[in-house]
């Protein structure tokens with residue numbers, strides 16, 4: 001017997017827009033999951049969104065034989081600047097398969113070991129910064145975890161140093177990416193006709209996307225012109241430039257490399273790191289065990 005998916009009460013014309021705050025939407029979804037269960041639906045501007053949080057249901061939805069991803073909502077908006085990159089490509093688009101086949105071997109356990117020296121390089125920069133702080137100086141964990149993630153991705157992914165721990169201001173690429181993603185999320189909450197009013201936001205979005213593209217395109221161009229043996233340079237950019245999809249025999253073109261580069265983003269990783277630090281500090285009685293494990297590794 002089919003049961004209707006539960007839903008918070010709708011507000012006239014607004015649907016469930018007021019149930020998610022702009023500042024803490026994930027926390028609001030967690031709260032709603034506790035109230036309505038592991039699956040519930042919400043309505044935004046006459047568009048139904050189903051939220052799933054239970055492990056059993058998420059595992060079922062991950063069955064690629066029964067379900068496929070759909071590029072709409074936030075992903076549809078991000079596609080404006082991420083094109084047919086890994087996360088915003090439709091399954092049937094050829095570039096998704098090519099990028100997937102070329103990059104997948106580079107995320108094996110053995111391949112990841114080749115990135116460890118670069119990861120350690122950035123981690124030591126962060127720890128060194130912390131060690132130099134005075135005892136009464138607070139550590140901005142959120143900012144430093146963002147810097148740790150961005151700098152690690154920049155070095156392991158593109159052989160490029162953002163050097164975030166040596167500057168007070170963020171690198172332009174970081175702020176431009178954050179602004180573009182934030183704008184895309186804000187547009188999901190727009191009221192009818194609000195896009196007409198938000199012309200300044202739209203212009204800033206175009207400026208941010210143009211800035212990101214210029215930085216990535218310059219990195220790609222410089223790597224091609226470097227004359228280096230790319231097979232000897234162990235980062236994802238070299239793999240994307242030299243890798244051949246065994247299924248089609250084709251390489252990725254520079255435009256798709258740009259799109260894929262935009263997808264090697266930092267948001268989820270930096271959030272995982274923040275939660276890890278919080279959980280670690282909250283379980284201080286276990287820290288000795290954790291420290292021992294880190295030393296062994």
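The values are calculated or read from the model by the stated rules, or taken from the named source; none is laboratory data. Computed from a predicted structure; not experimentally measured. Positions of Cβ are backbone-derived with ideal geometry, glycine not excepted, and every protein chain shown enters the neighbour counts.
Conditions: (1) surrounded by fewer than 13 Cβ atoms within 10 Å (Cβ to Cβ); (2) in contact with a helix residue (DSSP H, G or I) (Cβ under 8 Å, 6 or more places away or on another chain); (3) within 30 Å of residue 102 (Cβ to Cβ). Residue 139 meets all but one. Number of the miss?
(3)
Going residue by residue through segment 32-48, is there one that turns out to be outside any strand (DSSP E or B), free of Cβ contacts under 8 Å to residues at least 60 places away in the same chain and under 19 Å from residue 194 (Cβ atoms)?
Yes, segment 32-48 contains at least one residue that is outside any strand (DSSP E or B), free of Cβ contacts under 8 Å to residues at least 60 places away in the same chain and under 19 Å from residue 194 (Cβ atoms).
Give the residues of segment 164-190 that are in contact with a helix residue (DSSP H, G or I) (Cβ under 8 Å, 6 or more places away or on another chain) and not in a helix (DSSP H, G or I), sorted by residue number.
Hits for segment 164-190 are 170, 171, 189.
If we scan segment 71-94, do we find a residue that is touching a strand residue (DSSP E or B) at 6+ places or on another chain (Cβ under 9 Å), touching a residue at least 24 places away in the same chain (Cβ under 8 Å) and part of a loop (DSSP other than H, G, I, E, B)?
Among the residues of segment 71-94, not one is touching a strand residue (DSSP E or B) at 6+ places or on another chain (Cβ under 9 Å), touching a residue at least 24 places away in the same chain (Cβ under 8 Å) and part of a loop (DSSP other than H, G, I, E, B), which makes the answer no.
State all residues of segment 210-234 that are in a loop (DSSP other than H, G, I, E, B) and surrounded by 13 or more Cβ atoms within 10 Å (Cβ to Cβ); if no residue qualifies, say none.
Residues satisfying the conditions are 233, 234.
Within segment 192-209, can one find any residue that is at pLDDT below 75, in a loop (DSSP other than H, G, I, E, B) and surrounded by fewer than 17 Cβ atoms within 10 Å (Cβ to Cβ)?
Checked segment 192-209: at least one residue is at pLDDT below 75, in a loop (DSSP other than H, G, I, E, B) and surrounded by fewer than 17 Cβ atoms within 10 Å (Cβ to Cβ).
Which one of 213, 163 is under 29 Å from residue 255 (Cα atoms) and without any contact (Cβ under 8 Å) to a residue 24 or more places away in the chain?
163
Any residue at all in segment 21-42 that is touching a strand residue (DSSP E or B) at 6+ places or on another chain (Cβ under 8 Å), closer than 19 Å to residue 182 by Cβ and modelled with pLDDT under 90?
no
Might you let me know whether segment 53-69 holds any residue that is out of contact with any strand residue (DSSP E or B) (no Cβ under 6 Å at 6 or more places or on another chain), assigned to a helix (DSSP H, G or I) and closer than 30 Å to residue 160 by Cα?
Scanning segment 53-69 turns up no residue that is out of contact with any strand residue (DSSP E or B) (no Cβ under 6 Å at 6 or more places or on another chain), assigned to a helix (DSSP H, G or I) and closer than 30 Å to residue 160 by Cα.
Would you confirm whether any residue within segment 189-202 is within 19 Å of residue 162 (Cβ to Cβ) and not assigned by TED's automatic domain parsing to the domain that holds residue 19?
no
Given the conditions (1) surrounded by 11 or more Cβ atoms within 10 Å (Cβ to Cβ); (2) farther than 30 Å from residue 242 by Cβ; (3) not assigned by TED's automatic domain parsing to the domain that holds residue 247, which single one is not true for residue 46?
Residue 46 satisfies all of (1) surrounded by 11 or more Cβ atoms within 10 Å (Cβ to Cβ); (2) farther than 30 Å from residue 242 by Cβ; (3) not assigned by TED's automatic domain parsing to the domain that holds residue 247 except (1).
Going through 255, 237 one at a time, which residue ends up being at pLDDT 90 or above, assigned to a helix (DSSP H, G or I) and out of contact with any helix residue (DSSP H, G or I) (no Cβ under 6 Å at 6 or more places or on another chain)?
That would be 255, the only listed residue that is at pLDDT 90 or above, assigned to a helix (DSSP H, G or I) and out of contact with any helix residue (DSSP H, G or I) (no Cβ under 6 Å at 6 or more places or on another chain).
Run down 114, 76, 54, 83 and say which single residue is within 27 Å of residue 249 (Cα to Cα) and out of contact with any helix residue (DSSP H, G or I) (no Cβ under 6 Å at 6 or more places or on another chain).
Answer to the selection: 114.
Among the residues of segment 53-74, how many are under 21 Å from the mean Cα position of the chain (by Cα) and farther than 21 Å from residue 30 by Cβ?
Selection size over segment 53-74: 5.
Return the total of residues in segment 120-163 being within 22 Å of residue 278 (Cα to Cα), over 16 Å from the mean Cα position of the chain (by Cα) and not in a loop (DSSP other than H, G, I, E, B).
The number of residues fulfilling the criteria is 13.
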